[in-house]
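None of the figures in this text is laboratory data; all of them are computed from the coordinates on show. Given the structure is predicted, the values throughout are model-derived calculations rather than measurements. Note that each Cβ is placed from the backbone with ideal geometry, even for glycine, and that neighbours are counted across all protein chains shown.
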Amino acid sequence: MNGISKLVAGIRAALLLSMPVASLAADDGLYEKPVDPNSAFVRVLSPNTNVAVIDGKTLNSLSNGLSPYVNVQPGDIAVTAGDTSGTVPAQPGAYYTLTWGPDGKPLVIQDAAPTDPSKAEVYLYNLSDKTTVNLFVPAAKVDAIADVAMNDSKAVALKAPLTIDVELHADGQTIAKVAGLDLKRKGGVTVILTGSGSAYNAIAVENSFYRAQ
């Protein structure tokens, strides 16, 4: 090998040594296969339940009764939680939450799809007896989400990272509060309002995903 050949070989070796390991091993399965773009996403909300099954996938240790979203193929998706069950008619690219109304009947809520990965998606579920509720941010003195109907949900993408307190307003009054809502980029939080009469409760659960194989 002449001098020029040795120099070229040395440069190539130095470049290879300086490359990130992931670049060299890209073909060895370091990167997960992307989720099928035709997928739908389904989760279950069943307070006081720790285990749910979505499309045959068993999910343990539900957070306050809320499961992760599971990516599924479009179609009628079977869901069970404890002694209750239901079916979600899933469409491509759509997000759904299956819960149960006060009468015990399955309630399918279609969630807004995430819109901006640089922000945090905040969902408000009105599972109370109030006709409409608002999600109010005292620090900004503004409704982040307004007029969420009974047994329905709405969402908003908010600046992140950020920690805020929120209030649930109905009929011109504060009926519940959630302190320290932790907003993260590429993430989300679901605020769930329940109750009736004069007793209302709101909880916040971080949104999560379970990747089905």
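Remark on SER46: its backbone amide H falls under 5 Å from those of LEU66, SER67, a criterion applied only to residues 5 or more positions apart or on other chains, H modelled at 1.01 Å from N. In the stretch 125-204, a dipole from Cβ-located charges (positive for Lys and Arg, negative for Asp and Glu) runs towards its positive end, and of ALA149, SER128, VAL191 it is VAL191 whose Cα lies farthest in that direction.
Answer rounded, prolate or oblate for the stretch 55-213, using the Cα gyration tensor with square roots of eigenvalues a ≥ b ≥ c: rounded when a/c is under 1.5, else prolate when a/b is larger than b/c, else oblate. Note, shape of the stretch 55-213 comes out oblate.
Taking a quarter of the surface of the Cα convex hull of the stretch 115-208 gives a mean projected area of 5.4 nm². Sorting 174-180, 119-125 by average packing, meaning the other beta carbons within 10 Å per residue, from highest down gives 119-125, 174-180. Quick check: from the Cα gyration tensor, does the stretch 141-194 come out rounded (a/c under 1.5), prolate or oblate? Here the stretch 141-194 falls in the prolate category.
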